[in-house]
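Only one structure is covered here, and it is reproduced in the block below.
The values are calculated or read from the model by the stated rules, or taken from the named source; none is laboratory data. What you see is a predicted model, and the numbers here were worked out from it, not measured in a lab. Here the Cβ positions follow ideal geometry from the backbone for every residue, glycine too, while neighbour counts run over all protein chains shown. Heavy atoms of the whole protein, side chains included, go into the accessibility calculation; ligands, DNA and RNA do not. Shrake-Rupley method; radii C 1.70, N 1.55, O 1.52, S 1.80 Å.
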Number of protein chains: 4
Amino acid sequence: YGKNTIKFLRLHKEGKKQFVKEVEVCAHLRLTSPQEYLEGNNSLVIPTDTIKNIVLVLAKKNGIPSLEQFAIDICNHFMTTFCQVAYVKAYVQEVPWQRLHEDGVPHIHSFICVPDGIRFCEAEQCRNGPLIVFAGIKDLKLMKTTQSGFEGFYKNEHTTLPERHDRILCGEFFCKWSYGECKDFDFNCIWKKIRECILEAFAGPPDCGEYSPSYQKTVNCIQMLVLSRVPQVQVIEVVLNNTFYNVVDMKNLGLTNDKEVLVPVETPYGSCACTLGRKTFFEA
Amino acid sequence: YGKNTIKFLRLHKEGKKQFVKEVEVCAHLRLTSPQEYLEGNNSLVIPTDTIKNIVLVLAKKNGIPSLEQFAIDICNHFMTTFCQVAYVKAYVQEVPWQRLHEDGVPHIHSFICVPDGIRFCEAEQCRNGPLIVFAGIKDLKLMKTTQSGFEGFYKNEHTTLPERHDRILCGEFFCKWSYGECKDFDFNCIWKKIRECILEAFAGPPDCGEYSPSYQKTVNCIQMLVLSRVPQVQVIEVVLNNTFYNVVDMKNLGLTNDKEVLVPVETPYGSCACTLGRKTFFEA
Amino acid sequence: YGKNTIKFLRLHKEGKKQFVKEVEVCAHLRLTSPQEYLEGNNSLVIPTDTIKNIVLVLAKKNGIPSLEQFAIDICNHFMTTFCQVAYVKAYVQEVPWQRLHEDGVPHIHSFICVPDGIRFCEAEQCRNGPLIVFAGIKDLKLMKTTQSGFEGFYKNEHTTLPERHDRILCGEFFCKWSYGECKDFDFNCIWKKIRECILEAFAGPPDCGEYSPSYQKTVNCIQMLVLSRVPQVQVIEVVLNNTFYNVVDMKNLGLTNDKEVLVPVETPYGSCACTLGRKTFFEA
Amino acid sequence: YGKNTIKFLRLHKEGKKQFVKEVEVCAHLRLTSPQEYLEGNNSLVIPTDTIKNIVLVLAKKNGIPSLEQFAIDICNHFMTTFCQVAYVKAYVQEVPWQRLHEDGVPHIHSFICVPDGIRFCEAEQCRNGPLIVFAGIKDLKLMKTTQSGFEGFYKNEHTTLPERHDRILCGEFFCKWSYGECKDFDFNCIWKKIRECILEAFAGPPDCGEYSPSYQKTVNCIQMLVLSRVPQVQVIEVVLNNTFYNVVDMKNLGLTNDKEVLVPVETPYGSCACTLGRKTFFEA
């Protein structure tokens, strides 16, 4: 297969108010015949340059009402225009520009980049198959400074980790979910709702939080809340890359460190991941 | 000289409410004698490991009320404790953890990382010299989608750039300023005020903006506004790493692109910088 | 599943001569029950910290005669020690330390890091399934300054790319292959042989090279040569991330640029990939 | 001032044999008047785009016989062409393409990227001042697995580091030196000679090495050897970013680890730097 990445800006105006979307689009294509690999026959090959032109023309003509709709437009274009395309996947990722505010007043044409979790989506289709749409958030860094522990794990002669009932829970989340039949979805609204679910399930109630017995359970709580609140989600995958923090031992320095000063442990670096769907569950 | 970098977390509680600061500290030391370089005599050398311990002990004992105060504490400690230290500089940078909110309610112990500009500061001192404090913001990405141009520049036989009166102004800012005699400054409050000045001078009034004739003039506007609004600032340096965007030419594709689709130009990559002080001005 | 990454150094001596391997090991485990996700029951969970200890103990006891043997050792240990492990994968990657030479004389204990392609391997096993071993090279950057073109591709109204018969072929290769039943393989020797095949197939004969009609065909040539020369390889995957270079148009500057000065095109960024096995072929 | 970065490829042929240089050039300019900052008057500003054109035209016309000569050409061009330029600095850095060899035979047009230390140079000039040329190597990673220690350092109540007489010495070097009056220097030849000096001073004799009592002393040894062997060098600056490795304590795991397994310590991260010139010495 071949893929390629294009980054561009799409502007539009409503009156004098300006709107901006900066996206990175990656299109994957697989052709019905591998003759360009085996025989060096390029007659069916759609050059990277042409793919770039098509993506830019679609952005110009249709705009980017949502990342998902734009990914769907790309899939549709390749499937209907090129009979040599056997499979197409369009990945779209957003640069998180947010409108600037001055004393609460939104600015008509100025923006600031706020990367507190990156929105992305994916649409894919095999010829004669259904169009499947995924959406997600990545690079979302969250931390709980209490209400987290890890106890009762398996132990043998290689175990040196002590049990802990009040540690830091910190990590970078990657969440990706699939939609079912996506007729007239308000993708922007659903995405915001899911992001809120993720934060709520991670943190628990604002006044007291909720105890997490492991990274794995927190991953599961996020999945359960999203599936229960957002009926459009069919399956949700969550990957959590942990950052561990150790309380610094200050006994040699004559001090008692009551979980006040901690250092990140860069090695080993752990991650846990789970995929959860409706009805039936499967762990990857 | 020697320097080293330490990253750690400082937690504290007020009742049940938790507060967190994650900082990266880099301490530079220069000794009165270079004998460890010339003779391999280590008797005056303060090991990296000891420096780390001192920074952690200071964080434990004093907390981090502001980055600036913590940097000052570090300088003071080294100057008063080690007579072999001729010069000390402490650089402190913050990981931008922000308290999570659920429906507007702040969470007592959960945080999200929001890197929309990184706060840092620097304190430095030579033995028998004054303690100088700098503060700043870096990795601040801003964009104006209109009200920016570049015309009337110098032209010769190597000029191919057309004049433009409606281009995108986009870039990453690095701003660093020095404080004068810093007695009882509220460093946190001043820093927020300066950040607002930078955004306001970049963007102009929210309803109409302000035309920028060049990156250089925008840099100068920021400096002028900060100096006029914040009397504690003595000198301010601004570096702007530009991202250029070109309107895609779609004539060959049969379309008129009215500044709707633009692509970033990754080469050449430009930057402009200026340092502005009170009374006298100097360009670096 | 869970995974984690550990980086460490393994030294050994033969007489006074020192040998070093610095590796990054990533172990993935999937357990027979997902109870830690669903119920917060940690009783089967093997902590990251324990996995780290096991990897270090294996390195201490067995050494790292080859990356592949070490990955096999890790798989074997987890499968035979923990009955709750349903699946294990060990990824091992090398930091490319090479012995220093002074006037051709090898140094007994000094090394330089030479990252001209990174060696890695992977061993994986499901309970009751075979142990499968992969090896590979990544981050291998190669360039041909001539003997490369791209012509006869598919054209339509979105095509703007001109045909070229003398372009630069440049890119970063990722190659990964699987071994069949790996009894008593000399993994180090085979890996070196495959690396030579990749370079030879890319470059062609040293005195004249060989014309490449496309990135895809070059990928295929590499695969064909490896499969024909190295009987231990069962399947080989090659991914090529292209860097395009454009000849700078200097007409406006009054000069004729005869493919002397070229600039990299950073967007769009393309890649092509193919997986080729024995007997039957399949394109991913 | 303003600066900008351009990356490009310069090819040339001798008969059928092809040669390639890929460089990144960064030109800094300071103008005689800051009117573009203060008044928004662009009439003296040389746009980034024009600077790019000039660099490419110089590469086309003169080629790149050495990085240093190319940097000198750039300085000369700006000083002689633009009377509004008060200061110019040209930084040139090389992508380390090396000719491929097959069984010892050099290939006529194929190259591999081997980043074992990156060559760079800098030329700078103030109007009416001398042209000063610097050269250097960066990202050079070296390791000694024995013959290194750190003892006899300053101790107080914050000291926890034990003395060690057989540790790993590992780090990334940045070395930069200035040439005096550079008439007819063979910059390529001198650079290779200095690189060899750095490796030799770091490693010591190949059969036994030389004991290093500290990072600082190793830095000094490199500087002394370069100054003694290469008369064209006036001043040399060396920065060493250390990577520390700790011997893993395996007592709890029932094993004796005789400096066989070590892990990198990522925090604190130290660096030491020194600048050494002829006759008089000064430490920065």
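Pairs linking a residue in the stretch D:34-57 that is in contact (Cβ under 8 Å) with a residue 40 or more places away in the chain and within 13 Å of D:Thr5 (Cα to Cα) to a residue that is β-branched (Val, Ile, Thr) and part of a loop (DSSP other than H, G, I, E, B), with Cβ atoms under 7 Å and 6 or more positions apart or on different chains, are D:Leu56/C:Val248. Selection of the stretch A:63-81 for residues being surrounded by fewer than 19 Cβ atoms within 10 Å (Cβ to Cβ) and aromatic (Phe, Trp, Tyr) yields an empty set. All told, C:Leu58 falls short of being out of contact with any Leu (no Cβ under 9 Å at 6 or more places or on another chain), under 19 Å from C:Lys183 (Cα atoms) and not β-branched (Val, Ile, Thr). Does the stretch B:49-62 hold any residues that are more than 9 Å from chain D (Cβ to nearest Cβ) and open to solvent by 10 Å² or more (accessible area, probe 1.4 Å), and which are they? Listed by number, the residues that qualify are B:Leu58, B:Lys60, B:Lys61, B:Asn62.
Would a scan of the stretch D:204-217 turn up a residue that is within 18 Å of D:Asn241 (Cα to Cα), aromatic (Phe, Trp, Tyr), at pLDDT below 95 and surrounded by 15 or more Cβ atoms within 10 Å (Cβ to Cβ)? Within the stretch D:204-217 (the criterion being within 18 Å of D:Asn241 (Cα to Cα), aromatic (Phe, Trp, Tyr), at pLDDT below 95 and surrounded by 15 or more Cβ atoms within 10 Å (Cβ to Cβ)), the answer is yes, since at least one residue qualifies.
Applying a threshold of 8 Å to beta carbon distances and a minimum spacing of six or more residues, or different chains, the list of pairs starting in the stretch D:69-83 at a residue that is assigned by the TED database to the domain that holds D:Thr50 and ending at one that is part of a helix (DSSP H, G or I) and open to solvent by 40 Å² or more (accessible area, probe 1.4 Å) reads D:Gln69/D:Asn62; D:Phe70/D:Asn62; D:Asp73/D:Asn62.
Could you tell me whether the stretch D:254-264 includes any residue that is touching a residue at least 60 places away in the same chain (Cβ under 8 Å) and in a strand (DSSP E or B)? Within the stretch D:254-264, one or more residues are touching a residue at least 60 places away in the same chain (Cβ under 8 Å) and in a strand (DSSP E or B). For the stretch C:125-152, a residue qualifies if it is crowded, with 19+ Cβ neighbours inside 10 Å and more than 10 Å from chain D (Cβ to nearest Cβ), and the qualifying residues are C:Gln125, C:Val133, C:Phe134, C:Ala135, C:Gly136, C:Ile137, C:Phe150. Of the residues making up the stretch A:157-171, those that are surrounded by fewer than 20 Cβ atoms within 10 Å (Cβ to Cβ) and not hydroxyl-bearing (Ser, Thr, Tyr) are A:Glu157, A:Leu161, A:Pro162, A:Glu163, A:Arg164, A:His165, A:Asp166. Restricting attention to the stretch B:169-196, the residues being more than 19 Å from D:Glu36 (Cα to Cα) and within 11 Å of another protein chain (Cβ to nearest Cβ) number 3. The set of residues from the stretch A:243-253 being surrounded by fewer than 19 Cβ atoms within 10 Å (Cβ to Cβ) and not in a loop (DSSP other than H, G, I, E, B) comprises A:Asn246, A:Val247, A:Lys251, A:Asn252, A:Leu253. So, in the stretch D:29-48, of the ones that are crowded, with 20+ Cβ neighbours inside 10 Å and not in a loop (DSSP other than H, G, I, E, B), which residue ends up farthest from the other protein chains (Cβ to nearest Cβ)? Here the answer is D:Leu29. Reported count of residues in the stretch C:154-180, each being out of contact with any strand residue (DSSP E or B) (no Cβ under 7 Å at 6 or more places or on another chain) and in contact (Cβ under 8 Å) with a residue 40 or more places away in the chain, is 1.
Would you mention how many residues in the stretch A:139-169 are in contact with a helix residue (DSSP H, G or I) (Cβ under 6 Å, 6 or more places away or on another chain) and closer than 30 Å to A:Gln93 by Cβ? Adding up the residues that qualify gives 1.
The lone criterion from (1) at pLDDT 95 or above; (2) within 7 Å of chain D (Cβ to nearest Cβ) left unmet by B:Val20 is number (2). Residues that are assigned to a loop (DSSP other than H, G, I, E, B) and among the charged types (D, E, K, R) were ranked within the stretch D:204-219; the one that is farthest from the other protein chains (Cβ to nearest Cβ) is D:Glu210.
I'd like to know if the stretch A:249-271 contains one or more residues that are at the interface with another protein chain (Cβ under 7 Å from one of its Cβ atoms), touching a Gly at 6+ places or on another chain (Cβ under 8 Å) and over 19 Å from B:Ile108 (Cα atoms). Yes, there is a match, as at least one residue in the stretch A:249-271 is at the interface with another protein chain (Cβ under 7 Å from one of its Cβ atoms), touching a Gly at 6+ places or on another chain (Cβ under 8 Å) and over 19 Å from B:Ile108 (Cα atoms). Might you check whether a residue that is crowded, with 21+ Cβ neighbours inside 10 Å and either assigned to a strand (DSSP E or B) or among the basic types (Lys, Arg) (or both) occurs anywhere in the stretch D:184-193? No - not one qualifying residue is present in the stretch D:184-193. Among the residues of the stretch B:86-123, the one identified as among the acidic types (Asp, Glu), open to solvent by less than 40 Å² (accessible area, probe 1.4 Å) and more than 13 Å from the chain's Cα centre (by Cα) is B:Glu102. Residue check: is C:Arg229 more than 15 Å from C:Arg167 (Cα to Cα) and within 11 Å of chain D (Cβ to nearest Cβ)? Answer is no for this residue.
Scanning the stretch A:98-140 for residues that are touching a residue at least 12 places away in the same chain (Cβ under 8 Å) and among the small types (Gly, Ala, Ser) gives A:Gly117, A:Ala123, A:Ala135, A:Gly136.
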